[in-house]
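Have a look at the structure below, then the notes.
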Amino acid sequence: MVDRTIKSSEPEEQEERDQLLSKNFKYPVSIGYAALVTGCVFGFVAFGLIFFEAPLELMFLLSWIVVVPLLLRLGYKYGELQDMAWDMAVASFEPNVVLIVIGAMIAVWIASGTIPMIIYLGLKFISPKIFLLSALILASFTSLATGTSWGTLGTVGLALIGIGNAMGIPSPMTAGAIICGAYFGDKMSPLSDSTILAASVSGTDVMTHVKHMLWTTVPAYAITAVLFVILGLRNISGVYDTSTANQIMATFTQFYRFTWLEFLPIGIVLILLVKNTPSIIALMIGTISGMFVAVFHQQVALKTLLDFMVNGFVISTGSEFVDILLNRGGIMSMMSAFLAIFLALCISGMLDKTGVLSVLVNPLIKKCGNSTFRIIACTAVLTYVTNAIGSSMLFASIVTATLMKDIFVANRIAPENLSRTLEDAGTFGAVLIPWNSNAIYASQMLGVSPFAFIPYCFLNYITPVIDLIYAKTGFTVKKIESESK
């Protein structure tokens, strides 16, 4: 394999690259002070996340009391810093609106029976012979439909871990299959906050980002599926107790009228997104179509449905497990992610426009040179480091993208390559770090130690390796044309 590097054909192109990376800032910043500011800010955020389990959005808000005084010492006025924060935060407008729409849509799709229907069919067709593969696929579809790996782990994941235990399959294997499926769906769903964020901070469109990830994720998913088939065939032990799955399906059929209509909303959204319809428009149409199914097919009162869209779907089925599975969604459920993205970009804007991040990145640029492989490999390493420091995949995406975005642009590497690496290494890598909030949550939901299930998270290992292979060979690494840069 030969490393594909970007070589300037003309001196003007090299000069343009240098100018892009050498921004002029009002006040000079030494590398020592830049490291101090960045370390204090992100160290403060990480401290709150790790030791107090504080919400990410709260720590970014409180970090203003750290970052503002440090930047004021450079000579900036508070009004200037506020403008810098706002200019960057404006970039979060579209993804945050998408998050709000998604919150309403999830509640509507539960009321319409769309999401319950997907779970119902998955549970109905589980085969003991290929249980691990079935767990992988069911978790994948659930996360794709809901856009949340945590929601999948805390609902369908609980059912699957119980069924796997009844079948005699080691729980770490079952947990690995569930986690791989849950994070695959979270990564590939245009409804996912991590997917939207990765596209936003990288400067690319959500659907362009999702399509570009197919090149790395699909081959890795196929390999992962084969591995789980082999493990399942080796560890299956006779007949298993299907009472948990049967209870869920029986409760669903008691409260929902299942027909082909439940697939109408999700079908409409997928068709619109494939045709490159703007995400907000496609999701709004999917929400409205779900409202029609909920009102006219499931007989949900319109006033009740409107309340669901704001505060989340609420139902009392008599089954505590099913209630946990269904009671979710709503605009208010997205406020945490909304604020985290907005406030994090405010902080990043101040650090970026004062030159703090540029000063830190310059030595990194010299190490990477103009090698596509080194740039992408460095991005992957940064996502693991920031995941370990911040204990959050959202934290890792924001910090890494802020540090690496200009390097990608300067070397004419399209932004979807950056967003893909953020997900291949960052989203998938979060659950591989035992003290990361994602690994801790998965452990709590599934009742399996992170050190036990991590070896079976095949998809999370394989995908970044494929990403690096592509970076080395240049395969699927899109470039920015000179005239459109």
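The values are calculated or read from the model by the stated rules, or taken from the named source; none is laboratory data. What you see is a predicted model, and the numbers here were worked out from it, not measured in a lab. Cβ sites come from the backbone with ideal geometry, for glycine too, and all protein chains shown count toward neighbours. When the accessible area is computed, the model is the full protein with side chains, heavy atoms only, and any ligands, DNA or RNA have been set aside. Shrake-Rupley method; radii C 1.70, N 1.55, O 1.52, S 1.80 Å.
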Conditions (1) at pLDDT 85 or above; (2) farther than 28 Å from Pro464 by Cα; (3) among the charged types (D, E, K, R): number failed by Asp186: (2)
List the pairs whose first member sits in segment 442-458 and is on the phi < 0 side of the Ramachandran plot, whose second member is open to solvent by 40 Å² or more (accessible area, probe 1.4 Å) and among the polar types (S, T, N, Q), and whose Cβ atoms are under 7 Å apart, counting only residues at least 6 apart or on separate chains? Ser443/Ser449
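For Phe42, are the conditions met, namely being closer than 30 Å to Asn436 by Cβ and either modelled with pLDDT under 90 or in contact with a Lys or Arg (Cβ under 9 Å, 6 or more places away or on another chain) (or both)? Don't jump to the end; show me each part of the working.
Details: closer than 30 Å to Asn436 by Cβ: yes; either modelled with pLDDT under 90 or in contact with a Lys or Arg (Cβ under 9 Å, 6 or more places away or on another chain) (or both): yes.
Criteria met by Phe42.
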Members of segment 306-329 found to be modelled with pLDDT of 90 or more and within 16 Å of Met105 (Cα to Cα), listed by number: Leu306, Asp307, Phe308, Met309, Val310, Asn311, Gly312, Phe313, Val314
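Of the residues that make up segment 243-251, is at least one of a type outside the set (A, V, I, L, M, F, W, C), free of Cβ contacts under 8 Å to residues at least 12 places away in the same chain, in a helix (DSSP H, G or I) and open to solvent by 50 Å² or more (accessible area, probe 1.4 Å)?
Let us first name the residues in segment 243-251 that are of a type outside the set (A, V, I, L, M, F, W, C), namely 243-244, 246-247, 251.
Still in the running and free of Cβ contacts under 8 Å to residues at least 12 places away in the same chain: 243, 246.
Right, trim to in a helix (DSSP H, G or I) and you get 243, 246.
Among the residues that remain, those that are also open to solvent by 50 Å² or more (accessible area, probe 1.4 Å) are: 243, 246.
Yes - at least one qualifying residue is present in segment 243-251.
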I'd like to know if segment 389-406 contains one or more residues that are open to solvent by 30 Å² or more (accessible area, probe 1.4 Å) and of a type in the set (D, E, K, R). yes
Val385: passes all of (1) hydrophobic (A, V, I, L, M, F, W, C); (2) in contact with a helix residue (DSSP H, G or I) (Cβ under 7 Å, 6 or more places away or on another chain); (3) at pLDDT 80 or above but (2)
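Output the residue which, of all residues in segment 440-466 that are modelled with pLDDT under 90 and among the hydroxyl-bearing types (Ser, Thr, Tyr), is surrounded by the most Cβ atoms within 10 Å (Cβ to Cβ).
Ser443
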Residue pairs within 6 Å by beta carbon, gap of at least six or interchain, first lying in segment 317-336 and farther than 19 Å from Ile100 by Cα and in contact (Cβ under 8 Å) with a residue 60 or more places away in the chain, second among the acidic types (Asp, Glu) and surrounded by fewer than 21 Cβ atoms within 10 Å (Cβ to Cβ), listed first then second, are Thr317/Asp323
Residues that are surrounded by fewer than 24 Cβ atoms within 10 Å (Cβ to Cβ), in a helix (DSSP H, G or I) and touching a residue at least 40 places away in the same chain (Cβ under 8 Å), drawn from segment 420-439: Ser437
Kindly indicate the residue of segment 45-97 that is modelled with pLDDT under 80 and in contact with an Asp or Glu (Cβ under 9 Å, 6 or more places away or on another chain) and also surrounded by the most Cβ atoms within 10 Å (Cβ to Cβ) among those meeting that condition. Pro95
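Given Val201, Val156, Val226, which one is touching a residue at least 60 places away in the same chain (Cβ under 8 Å) and either open to solvent by 10 Å² or more (accessible area, probe 1.4 Å) or within 25 Å of Phe395 (Cα to Cα) (or both)? Full working, then the answer.
Details: Val156 fails: either open to solvent by 10 Å² or more (accessible area, probe 1.4 Å) or within 25 Å of Phe395 (Cα to Cα) (or both); Val226 fails: touching a residue at least 60 places away in the same chain (Cβ under 8 Å).
None of the other options fit; the residue is Val201.
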At pLDDT below 90, in a helix (DSSP H, G or I) and open to solvent by less than 40 Å² (accessible area, probe 1.4 Å), is that true of Ile179? no
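Restricting segment 24-39 to residues that are in a loop (DSSP other than H, G, I, E, B) and surrounded by fewer than 13 Cβ atoms within 10 Å (Cβ to Cβ), which is modelled with the lowest pLDDT?
Applying the filter and picking the extreme gives Asn24.
Working only within segment 102-115, note down all residues that are of a type outside the set (A, V, I, L, M) and at pLDDT 85 or above.
At the first step, the residues of segment 102-115 found to be of a type outside the set (A, V, I, L, M) are 103, 109, 112-114.
Listed by number, the residues that qualify are Trp109, Ser112, Gly113, Thr114.
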Residue check for Ile196: among the aliphatic types (A, V, I, L, M), farther than 19 Å from Leu418 by Cα and either open to solvent by less than 20 Å² (accessible area, probe 1.4 Å) or modelled with pLDDT of 85 or more (or both): no
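How many of the residues in segment 135-149 are out of contact with any Lys or Arg (no Cβ under 9 Å at 6 or more places or on another chain) and open to solvent by 20 Å² or more (accessible area, probe 1.4 Å)? Before you say what the answer is, go through the steps one by one.
Filtering segment 135-149 down to residues out of contact with any Lys or Arg (no Cβ under 9 Å at 6 or more places or on another chain) leaves 135-142, 144-145, 147.
In the following step, the residues that additionally are open to solvent by 20 Å² or more (accessible area, probe 1.4 Å) were identified as 137, 141, 144.
Number satisfying all stated conditions: 3.
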Looking at (1) in a helix (DSSP H, G or I); (2) open to solvent by 20 Å² or more (accessible area, probe 1.4 Å); (3) closer than 30 Å to Phe52 by Cα, which is the only condition Ile469 fails? (3)
